[in-house]
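K.L.:
To start, I am sharing the structure in question, which I have written as structure tokens.
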Amino acid sequence: MIMLIDLPAGGLPAVVFGAGPVTVDDIEALAAGRARPVLSGDPAFAARIEAGAARLKRLASDGDAPHRLFSWHGAGLDTPFTPEQTRAILSVRLASLCRGESGAGMDTLRHLAALLENDAPPALAAADQALIDGGAAMTGLACLAAVRAQSLCRLAGRVTALAAVALDGNASHFDQTLFAARPYPGTLRAAGWIRDDLGEGSGAVQPHDLAPLRCAPQAIGVLLDALPWMVQHIELELNSAGGEPLFQDHPGHLTFAMEGMKNAVTKLADLFEQQMALVVEACAGKGLPPGLRSAAGSHGLKALQARVSAWTAEALRLTPDAVGHKAGTGMIAARDCLRAVELTEQVAAALLVAVRQACALRHPDGLPRRLGSGLLDCMARIAELVPLAGAERRLDQDLRRLLAVIRYDGAALLCRARIAVP
């Protein structure tokens, strides 16, 4: 749990280990450097940890066993985890060891906490399970994927509203009465976001046009409705004892959650790609220049659209489920899910560039004031990050700026709030 304890002025909030359950948001905050780890000062916690360590010492009489264990696991060829991923993995391992059931003493816990506190994580590859068991690796990546998937849901609602504004959309497509006929909670919630953003009296689109806009709440709603039980599975794993000597891992629940999250996230990438095609290609029939060209001789955003198609294809290629329960299945599922999230964020960033261009061309004097205040604030923020594309120019720096906001601010600067998972 994150607590504001013993903080100097401007200090980071503390995630307290050993005082209660840890959440996916706690792990993400530690991984992003927005929080610091603190071990519980409760004497009962220290006593429980040392009692567990004493039991293991009675079982392990071979003093050379730790060295041999490190050597035995040194057989991997995997790409090292990023520093952010490594911090998430170490945080998960710390949470597991703090249960007092894995034989680690207080000195080990203090050392892990110091690695995080001093931002000195070791270089870890997926096969390095001497320091971290496989459960810690897959759960750490799962925590990062879950938090970013939550933000993608809200961002999907906002970017859909912006695309509707760019194409002179109609807020009546998102009327509550329509979605109440099939009242999935997530779908209702997503439709409400878009409806609030669009305000009243917008556009005059035909009722059955623009399905990637009109049907967006259904695509967003699937992930919104699934995330609570997925997060529940991740947090149960996060707050459990894992790995040997207690038991052999069999990560069926977490694997199932990550496979489902991966599939639902890639559906958002597919939705964004279809919306991109509408904004870039269908714009000519909506009073905008083909390809969103803003200068004579410009090719517009067709090259960016091609990149979006490639990223979406790669994301969708990740969707087949991992086979069986072989060693590494949970790790593969978590890694592929996080990669799918990353690709979907890239597609979302590209779509934001396109809707920024389209909205500026349609409304050169600024967006109508009838739109929701959140949407207006969002467009102002995007305009700060992405200059209007006039003559041909590189867009990679624009995309990187947007990705930094999407990934490391949880889209808060674009959406003003993070989803609270029930």
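A short reminder: the numbers here are calculations on the coordinates, not readings from a lab. Source: prediction; values computed, not measured. FYI the Cβ positions are ideal-geometry reconstructions off the backbone, even for glycines, and counts take in every protein chain you see.
K.L.:
Show the residues, 5+ positions off or on another chain, whose built amide H is closer than 5 Å to the amide H of residue 15.
P.N.:
3, 36, 38
K.L.:
Would you mind ranking 38, 265 so that the residue whose beta carbon has the fewest other beta carbons within 10 Å leads the list? Mind dumping the intermediate values first?
P.N.:
Numbers: 38 18, 265 27.
Lowest to highest Cβ neighbour count: 38, 265.
K.L.:
Within 10 Å of each residue's Cβ, count the other Cβ atoms and sort 24, 386 from fewest upward.
P.N.:
Working: 24 24, 386 20.
Ranked by crowding around the Cβ, least crowded first: 386, 24.
K.L.:
Rank the residues 384, 281 as a footprinting-exposure proxy: fewest other Cβ atoms within 10 Å of their Cβ go first.
P.N.:
Values: 384 10, 281 14.
So the residues, fewest neighbours to most, are 384, 281.
K.L.:
Also: Going highest first, how would you order 135-141, 235-241, 274-280, 161-167 by mean Cβ packing within 10 Å? Don't skip to the end; give the middle numbers.
P.N.:
Working: 135-141: 29.1, 235-241: 19.3, 274-280: 23.0, 161-167: 27.4.
Going by the mean number of other Cβ atoms within 10 Å, highest first, we get 135-141, 161-167, 274-280, 235-241.
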